[in-house]
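See structure below.
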């Protein structure tokens, strides 16, 4: 372990200890409800390293001007010093009263990037060169009055299930890079990570034939409509009671008839580990969705579908994502 | 992605280059030509290379340059210490920093260093215009720093001009806002009593009076309009014809030039001066000349600190005047000086070089023989000048026998020729005489009540010694051209001035000189003494370091508090005119007894007002219920606010006016 690494690790340990002692300072503990308004109670300022170096240069200039007893040079130094130091107020103003109104995560599968949009709201002043850092990922953004204020960040999403992003650090070194202003945000927000999609998954367990259809026809089948009888229709689909009422032959049209319907059963997948099963089911859900094949999902403790469409897909992937892990 | 290692964009690099250029430019004209040329070529070359997308400069190219510059500086100056070589080296190193600038960190280092180099330019020239230019250059530095801040990746590409304009606006804003704080620190920051390290003086060529005068040498001076000094009188301004500002007195003539014997510079052996009239007290603020002469009106009585008065009554400082110098003295314009002339002074005042100007000597001898008194000889000489000579600044060059050439050939010249020739003639006629150089006249600035004397007011006249009267001033130029004394050298030379010296322009400039004087007075001349007396009106006679620091901290805290207030003040609420109008409407209704609940929308509020009978929260003001205008206003508000994305400004104005026009009777007090 090099000296640098040792210093870095002890510094981060020190920071952690400080944050434990002063949770209010860093919003480490409690998640806050939205919206979160940045104000002077939670904005912190320190000079940047460039700010310190610049101060040292100003000091040298000051000494030079004083030594040569040269008043115009001293005035120039004072002017530059005052202009650079008052930028601390501009830096503060650049993130003061920035309000985090909403967060939205795009659907994402484990292993892919989790894209979170943060929606900020500002008053009438435009803000420039703001930065947001979450878990080491940094994005630069400007906020304009009247703009939508959306900022997108990408986080790694390793595991399925609920994922709470780390603390959000909104910061800026505007306008001159001399002062670092920042604020910690810990919004009450979780994103759902869908399970990983299995690569090279086997094709959908498509089943054909009426027998299968009958086998799969169950409580979920819905009577969609009645229509006039065509000579090719099977006799058992005739709605006798309704036909009697209307004096003509009517045929029961079931939803499932319009396409094939498949059952994705967790328990039928054997010989592979639990996570791979989940990944395969997730892949099948997606494939079925693109192929417009109605599908139902049978999980150990619940059953979804059959159905088709974004809602159904989301419900299925959500159930899969929240399945307990292998250990539990 | 670490922003510190990302390559600079062309705009960022361009602004950093501009900062370096601005920092180096004030130095370039002073540096030796090869060095300036090299620095400028390197700067422009690097910029062009970089704009064309050029790569990093390899170390094999940088290293020789780093070695080359110190060698060049040492070659030219002899060492690398001191103001001149130091600043030359700083400029060179700054440009080298730009050569290797690739990342944001490099650019920041270059800007830091630029500030230092820019500041050091003021050590050489601290005139107002120059200083203001450099102050303005700070905005460029801040703009460069502003540009270095990262921009969103998806941001629309901005043109070069827009970036620079935004940056400059931000920089200028910061500078202007910073002025009060800067002034506060400037005024109250304790000055050093003595320098921390030796500040070796440099001699640079400045125009001004010298201790040598060869006829024709003033020519450059007489067209130089920079101020030589400014004077403000304790009493009224003396007559212009009396404004003879005494500089070096020249005794020794070698046939071509007049010089001053070294003896006078080192002894405090004043002549015997008897004043016969009132004395005049005045302050002089002398511009730096790098010479040791102090100018004084006619015959100085007091000797300023750190100076001596020679036997010929000229003031000489112990050290060269390398910065603005202010002194107070008194002078006599009516006097008897050296009624008895010592033997060796007489010898000096009669010295003439052998083998020069035989015809002039012969003329003077003839006068001596024909005329009986010294006065008559002087009168004859002035008569000659008056009748046959004329005044011009375009004087021809003179040959070996310069006095003869002038006296019998050219017949035209300016003060130097006349005073030199006149003194020569007097000496040849056995009258002790000497040449006095200095300034004559000056421009009186009525607004500031002071006199500004420029280099172009340089003048030379003669003094002759007469038995019983001592040294008497004779101005032969006045015999030729009285306008020289009355209106100045340019007026005397005729209307041959170029356009930029037009009368109205000169008048304007003379008026504007007041600003320079205020600058010199308030800023350049501000010193420990003045600082100490700042707090006199607050009961502190002599402010020491602790007092100054206390005031400095107090005042800057106050200023920072103002900044903090500006930063933290609550933003103005309801900037939207429609919201404001609605708030006014609700306010009116509340005064009339109908208060809108915080969660109540406009429609339900309107319904509640209209409803005559309700179990709860009945509004017991019949005026509201019966007023159809109120319902109308609510309908309008709803359609403006919710029925369109952006209400028309005109419609909002009409709504606002109608809200203001609404009159509702207050709720009857009995209802409570």
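The values are calculated or read from the model by the stated rules, or taken from the named source; none is laboratory data. Just so it is clear, the model here is predicted, and its values are computed rather than measured. Neighbour counts are summed over all protein chains in view; Cβ atoms, including those assigned to glycine, are modelled from backbone coordinates with ideal geometry.
Worth pointing out:
- Qualifying positions in region A:86-114 - away from chain B (no Cβ under 14 Å) and touching a strand residue (DSSP E or B) at 6+ places or on another chain (Cβ under 6 Å): A:100, A:101, A:102, A:103, A:104, A:105, A:106, A:108, A:109, A:110, A:113, A:114
- Unmet criterion (only one of (1) farther than 23 Å from residue B:564 by Cα; (2) buried (at least 16 other Cβ atoms within 10 Å of the Cβ); (3) free of Cβ contacts under 8 Å to residues at least 60 places away in the same chain) for residue A:106: (2)
- Matching residues, region A:166-184, being in a loop (DSSP other than H, G, I, E, B) and without any contact (Cβ under 8 Å) to a residue 60 or more places away in the chain: A:166
- Output for region B:254-288, where each listed residue is part of a loop (DSSP other than H, G, I, E, B), modelled with pLDDT under 80 and buried (at least 17 other Cβ atoms within 10 Å of the Cβ): B:270, B:271
- Selected residue (criterion: modelled with the highest pLDDT) from residues of region B:1-54 that are part of a helix (DSSP H, G or I) and in contact with a strand residue (DSSP E or B) (Cβ under 8 Å, 6 or more places away or on another chain): B:5
- Count of region B:85-106 residues which are under 17 Å from residue B:31 (Cβ atoms), within 12 Å of chain A (Cβ to nearest Cβ) and in contact with a helix residue (DSSP H, G or I) (Cβ under 7 Å, 6 or more places away or on another chain): 2
- Some residue of region A:57-66 being out of contact with any strand residue (DSSP E or B) (no Cβ under 9 Å at 6 or more places or on another chain), within 13 Å of chain B (Cβ to nearest Cβ), within 18 Å of residue B:142 (Cα to Cα) and touching a residue at least 60 places away in the same chain (Cβ under 8 Å): no
- Residue in region B:137-159 that is closer than 25 Å to residue A:62 by Cα, under 18 Å from the mean Cα position of the chain (by Cα) and facing chain A (nearest Cβ under 7 Å) present: yes
- Unmet requirement for residue B:133, which otherwise passes all of (1) facing chain A (nearest Cβ under 9 Å); (2) under 18 Å from the mean Cα position of the chain (by Cα): (1)
- Helices (runs of 4 or more DSSP H) within region B:515-594 that include 2 or more residues buried (at least 17 other Cβ atoms within 10 Å of the Cβ) and in contact with a helix residue (DSSP H, G or I) (Cβ under 6 Å, 6 or more places away or on another chain): B:545-568, B:577-591
- Residue within region A:69-77 that is part of a helix (DSSP H, G or I), surrounded by 13 or more Cβ atoms within 10 Å (Cβ to Cβ), free of Cβ contacts under 8 Å to residues at least 60 places away in the same chain and more than 14 Å from chain B (Cβ to nearest Cβ) present: no
- Residue B:56 over 32 Å from the mean Cα position of the chain (by Cα), crowded, with 19+ Cβ neighbours inside 10 Å and either more than 14 Å from chain A (Cβ to nearest Cβ) or more than 30 Å from residue A:175 (Cα to Cα) (or both): no
- All conditions in (1) farther than 30 Å from residue A:314 by Cβ; (2) loosely packed, with under 11 Cβ neighbours inside 10 Å hold for residue A:49, with the sole exception of (2).
- A residue that is modelled with pLDDT under 85 and in a helix (DSSP H, G or I) occurs nowhere in region B:651-666.
- Test: residue in region B:27-47 that is out of contact with any helix residue (DSSP H, G or I) (no Cβ under 9 Å at 6 or more places or on another chain) and touching a residue at least 24 places away in the same chain (Cβ under 8 Å): no
- Enumerated strands (runs of 3 or more DSSP E) restricted to region B:334-445, each holding at least 2 residues that are closer than 14 Å to residue B:475 by Cα: B:433-440
- Verdict on residue A:125 being under 26 Å from residue B:166 (Cβ atoms) and either assigned to a loop (DSSP other than H, G, I, E, B) or away from chain B (no Cβ under 13 Å) (or both): yes
- Candidate set: region A:164-187, residues that are out of contact with any strand residue (DSSP E or B) (no Cβ under 7 Å at 6 or more places or on another chain) and within 14 Å of chain B (Cβ to nearest Cβ); chosen: the one modelled with the lowest pLDDT: A:175
- Among the criteria (1) crowded, with 22+ Cβ neighbours inside 10 Å; (2) facing chain A (nearest Cβ under 9 Å), the one residue B:109 does not fulfil is (1).
- Taking the conditions (1) without any contact (Cβ under 8 Å) to a residue 40 or more places away in the chain; (2) part of a loop (DSSP other than H, G, I, E, B); (3) within 14 Å of chain B (Cβ to nearest Cβ); (4) closer than 22 Å to residue A:33 by Cα in turn, residue A:132 satisfies each one other than (2).
- Region A:102-122: number of residues that are under 16 Å from residue A:35 (Cβ atoms) and outside any strand (DSSP E or B): 1
- Identity of the residue in region A:135-150, buried (at least 19 other Cβ atoms within 10 Å of the Cβ) and outside any loop (DSSP other than H, G, I, E, B), that ends up farthest from the other protein chains (Cβ to nearest Cβ): A:143
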